[in-house]
Amino acid sequence: MSDLPGSILFSCTHNSVRSPMAEGLMKHFYGKWVYVDSCGVHTREVDGFSAAVMEEIGIDITHHNAKTFEELEDTSFDIVISLSPQAQHKAVEMTRTMACEVFFWNTFDPSVVEGGREERLEAYRQVRDQILARIRAQFPLVSASHV
């Protein structure tokens with residue numbers, strides 16, 4: 001596990017869909033070894049569809065407390081991963097004087113999908129699975145047997 005960073009921040013627009021999913025996945029795999037947090041440019045409560053699709057794979061994000069960049073208790077991270085263009089701008093601004101890596105994983109916002117419950121859930125599952133694939137690619141020590 002020595003190839004892992006000590007701390008990671010995931011960020012998105014509202015800290016209610018994509019970044020809580022990413023935080024939950026990263027904590028699930030590496031929570032014992034890596035400090036993981038998330039934030040948004042703005043905040044909303046955790047999206048119910050996000051919580052539902054994470055629960056499908058055994059990860060509970062219902063207790064996630066959404067926060068903005070300004071509300072972070074710690075701003076010293078080894079890696080900041082932005083999941084939306086708005087969050088990328090804030091991350092770059094926040095890290096101007098920091099020695100950390102900033103990555104932009106532009107990720108679709110499934111909350112804009114209209115339709116029935118199943119159509120919407122499928123959009124959230126696709127985003128969850130895309131984030132999971134990105135985490136596995138960035139941090140390949142993840143065991144495929146976990147999910």
TODO: Pairs only if they're at least six apart or on different chains, beta carbon under 8 angstrom, first in region 44-59 and under 11 Å from P20 (Cβ atoms), second of a type in the set (D, E); list them, first residue then second.
DONE: A51/D60; M54/D60
Open item on the list: Of everything in region 60-72, what is among the acidic types (D, E) and either closer than 13 Å to V17 by Cα or assigned to a loop (DSSP other than H, G, I, E, B) (or both)? Give them in sequence order.
Closed with: D60
Open item on the list: Going through F10, F77, F29 one at a time, which residue ends up being under 14 Å from the mean Cα position of the chain (by Cα), more than 26 Å from V112 (Cβ to Cβ) and crowded, with 19+ Cβ neighbours inside 10 Å?
Closed with: F29
Open item on the list: Against the condition outside any loop (DSSP other than H, G, I, E, B), touching a residue at least 60 places away in the same chain (Cβ under 8 Å) and surrounded by fewer than 20 Cβ atoms within 10 Å (Cβ to Cβ), how does A87 come out, does it pass?
Closed with: no
Open item on the list: Condition (residue is farther than 19 Å from Q126 by Cβ and free of Cβ contacts under 8 Å to residues at least 40 places away in the same chain) applied to region 16-31: is it met by at least one residue?
Closed with: yes
Task: Filter result for the condition that a residue is farther than 23 Å from Q138 by Cα, assigned to a loop (DSSP other than H, G, I, E, B) and not aliphatic (A, V, I, L, M), over T75, T43 - done: T43
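Any read-out appearing in this document is the output of simple, stated calculations on the displayed coordinates, not a laboratory observation. None of the values given here were measured: they were computed from a predicted structure. Please note: Cβ atoms are built from the backbone with ideal geometry, for glycine as well, and neighbour counts cover all protein chains shown.
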